[in-house]
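The values are calculated or read from the model by the stated rules, or taken from the named source; none is laboratory data. All values reported here derive from a predicted model rather than from experimental measurement. Glycine gets a Cβ as well: all are built from the backbone with ideal geometry, and neighbour counts include every protein chain shown.
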Amino acid sequence: MHASRWLRFACAATTAVLCACHAPAPTSPVTSAGARASGEDVARELQRRYDDTRTDCGSPTEPAVECSGLLLRATQWREGEHSWMAPGRPAGVSFSWLRQDANATGAFYENGFIAHPAQTAAALGLRALTSRCVYYLNAVTSGEQEDRCRVPCDAQGVFTAEQFVDTFPAGTYGCAFRATARADMNDKPADAWMQMVGVRRIYQYAGHNEVIVAPYDDIGAAMPVEAFFYYGSGSIRGLDDAKKDQIDFRDSTGRWVPVILWTPAASIGDRATFSYDEADQAILE
């Protein structure tokens, strides 16, 4: 083979091998803060993350909530308020986290919003919400004035799901597992987060959990809302409120996000589904 032709062949072959070895990683359907994913794409992404039962998001200090599952906040529509905002909560903001191995058969209210995971939000140029700790059930933290995480499990010598159930009576909130590593400490929040999942598995608990998110200000269009949801196909109020949220968010931020139907799992072992229907949308752009 002529030298120049051989060189072109070798370069092409090498390029093909390199491309095969370094295939691009799967990405979220939204590629930038200014881009818009279709409703169908968002529903598929929510389903994908719900089904993704990874134990960390890349390291022992990056818990599963940062890239998998659905971080959601159940809300009710109130005139003159933005449902995605939570002003005046210095002790933290209450969310829930839903995933196949952390199933819930419903939420506190029939509608609310789903936030982009922290890693995705950062990549999109949106404000990443910080999950500080997680309780395996609704820990009724609304009365806390200083810190809704209270005294975390590790500060009480509780590091595993088995230690948790041996330490606290069933049905009590016990303690919250830490979700954010402290500077100069040997915290492993990825493992701690999965202990919450383990407690739910031991108890076969299918109620919603409680995630305490660090307080956030009115950050406008940087608020990482991925979708507004309602659950249960017969929920007329849930759908109506989700439509109002959709209009309010678009008018307030200039961003359109879809209304998604969440059909909860009937039991802890079943699978939830997420779907988009154009008829559920108050606005299409």
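Select from segment 63-94 the residues that are in a strand (DSSP E or B) and either without any contact (Cβ under 8 Å) to a residue 12 or more places away in the chain or more than 9 Å from the chain's Cα centre (by Cα) (or both) and write down the one among them that is farthest from Leu261 (Cα to Cα). Steps first, please.
Filtering segment 63-94 for residues in a strand (DSSP E or B) gives 70-75, 93-94.
Checking the rest, the ones that are also either without any contact (Cβ under 8 Å) to a residue 12 or more places away in the chain or more than 9 Å from the chain's Cα centre (by Cα) (or both) come to 73-75, 93-94.
Working: Arg73: 15, Ala74: 13, Thr75: 15, Val93: 24, Ser94: 21 Å.
Per the criteria, the residue is Val93.
Would you check which residues across segment 27-51 are surrounded by 15 or more Cβ atoms within 10 Å (Cβ to Cβ), at pLDDT 95 or above and within 14 Å of the chain's Cα centre (by Cα) and list them?
Val42, Ala43, Glu45, Leu46, Gln47, Arg49, Tyr50
Pairs under 7 Å by beta carbon, first residue closer than 14 Å to Arg201 by Cα in segment 150-163, partner surrounded by 15 or more Cβ atoms within 10 Å (Cβ to Cβ) and among the β-branched types (Val, Ile, Thr), six or more apart or different chains?
Ala161/Val199
Can you find a residue that is within 22 Å of Glu226 (Cα to Cα) and either assigned to a loop (DSSP other than H, G, I, E, B) or touching a residue at least 24 places away in the same chain (Cβ under 8 Å) (or both) anywhere in segment 135-149? Show your work before the answer.
Keep residues of segment 135-149 that are within 22 Å of Glu226 (Cα to Cα), which gives none.
Within segment 135-149, not a single residue is within 22 Å of Glu226 (Cα to Cα) and either assigned to a loop (DSSP other than H, G, I, E, B) or touching a residue at least 24 places away in the same chain (Cβ under 8 Å) (or both).
Restricting attention to segment 98-109, and to residues there that are at pLDDT 95 or above and either within 10 Å of the chain's Cα centre (by Cα) or in a loop (DSSP other than H, G, I, E, B) (or both), which single residue is farthest from Pro264 (Cα to Cα)? Walk me through it before giving the result.
Pass one, segment 98-109, residues at pLDDT 95 or above: 98-104.
Remaining after also requiring either within 10 Å of the chain's Cα centre (by Cα) or in a loop (DSSP other than H, G, I, E, B) (or both): 98-101, 103-104.
Numbers: Leu98: 10, Arg99: 11, Gln100: 11, Asp101: 13, Asn103: 8, Ala104: 7 Å.
Within segment 98-109, the match that is farthest from Pro264 (Cα to Cα) is Asp101.
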